[in-house]
1. What does the convex hull of the Cα atoms come to per residue for the stretch 82-226, in Å³?
2. I want to verify a result. In a Gaussian network model of the chain, Cα cutoff 10 Å, which of these has the top mean-square fluctuation: Ala226, Ala165, Ala194?
3. Just want the ordering: Leu61, Leu173, from fewest to most Cβ atoms lying within 10 Å of their own Cβ.
4. Going by average Cβ density within 10 Å per residue, which order do the peptides 47-60, 267-280, 200-213 take, highest to lowest?
5. Under a no-solvent Debye model with one identical scatterer per Cα of the stretch 3-180, what's log10 I(q)/I(0) at q = 0.08, 0.15, 0.16, 0.17 Å⁻¹?
6. Given Cα pairs under 8 Å that are at least 6 residues apart, what percent is the relative contact order of the chain?
7. When DSSP assigns beta bridges and you keep just the ones with both residues in the chain, what percent turn out antiparallel, to the nearest 5?
8. Evaluate the charge dipole of the stretch 134-190 about its Cα centre and quote only its size in Debye, nearest 20, assuming +1 on the Cβ of each Lys and Arg and -1 on the Cβ of each Asp and Glu.
Amino acid sequence: MSITILGAGAIGGLAGAYMSRAGHDVTLVDRWAEHVQALNEKGLFIDGVRGEMTIPVKAALPGELTGPLDTVLIATKSQHAVEALKQIIPLLTPESAVVSFQNGFNEPDLVAALDEAGLPGEKIVMGSIPNYGGALVDPGYIEFVHEGPIQLGELSGEITPRLEALAKKLEALTNVQVSSNIWGQIWAKEVYAAQVVFTALVDAHITESLGNERYARIAGAVVREALEIAEASGITVEAFDFFDPANYKPETSADTQKLLDNIAHAVWLLKKDQNTRTHDFKKKGSGIWWDIVYRKRESEVRSSSGKLIAYAQKSGADARLNNKLYSMIYEIEDGTRELGFHNYDELEAYVAECGKALP
């Protein structure tokens, strides 16, 4: 199995580097020419939670690829997933595998693009959730920010030989959990990610946002509503390492305290492997925060958790809190709203106005 990874940023770069080090046939593909050049000339330099290392890798620009391609991991930002796929469709065959290796509800759009091109989209596309994190800092340089597993599965729910083979290769990086309900896993990540989006309303460490019980209550209310959207859409939302949907249905103050303790534990999990005495982490917030504050570009919210609004409209679910949250993020990206804790005050008041405060 040869593997082509479209998008050599943090998620794709780390997976490609560790699989390359394990001896697998991997090509990292990116449209940032300076990054590709650095990868080929010097290898990928990685620091962060596992210390410093440089791993030789093979990299290419999109136009340098030749087919047929075997297994493709699309690790671009969510909003670029379909565009990246369409560039390589001429290099695919009905036997190829395409994995959405990123956040977002991208699988249906990837299937549709392949179907339109005359290829069997449902057969080709696989789903995944990479729960580790990092940051592309400079050309040829990625910071490994936190550990986490990968959920991987066929859209059909079958446990196929190609699924098991790819999972084994990705184990070179981290634990891979093969799923028979990957769509439920994807929904779980996007429901949970509503509280990650919430942290990007401020330019502050996660311990000052989700780590604060007052603010965690607001985030918990938003995630509870997101979970209701999922259930109204007929989705069986799966639990994963950072998230148990059962905790987001509090009926008593004791239930709420259990939820707040769970959120605090999730914050701890994200930070437990970081030794700040030996490494000054550049990425101090979520990927959304990183895009807005560090990269000065639009985040992937519109194409990932932001799609919850469309699902709510289709199912008739109430999405007032999520709609308010995402609108605030878009205003920050558009330059019409400032980052800051005043955003939490505003959202807290709206939660109360909607009658959706946690007990």
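Readers should treat all values here as calculations from the given coordinates under stated rules, not as data from a laboratory. Given the structure is predicted, the values throughout are model-derived calculations rather than measurements. For neighbour counting, all protein chains shown are included, and Cβ atoms are generated from backbone atoms with ideal geometry for every residue, glycine included.
1. Values: hull volume 21.1 nm³, N = 145.
So the per-residue hull volume is 145 Å³.
2. Ala165
3. Details: Leu61 14, Leu173 21.
Sorted ascending by nearby Cβ count, the order is Leu61, Leu173.
4. Details: 47-60: 16.6, 267-280: 12.9, 200-213: 19.1.
Result, highest mean first: 200-213, 47-60, 267-280.
5. The calculated log intensity ratios at q = 0.08, 0.15, 0.16, 0.17 Å⁻¹ are -0.21, -0.79, -0.90, -1.02.
6. On the way: 680 pairs, mean separation 55.3, N = 359.
Here the relative contact order equals 15 percent.
7. Antiparallel bridges: around 35 percent, rounded to the nearest 5.
8. Numbers: 4 positive and 8 negative charges, 32 e Å.
Computed about the Cα centre, the dipole is about 160 debye.
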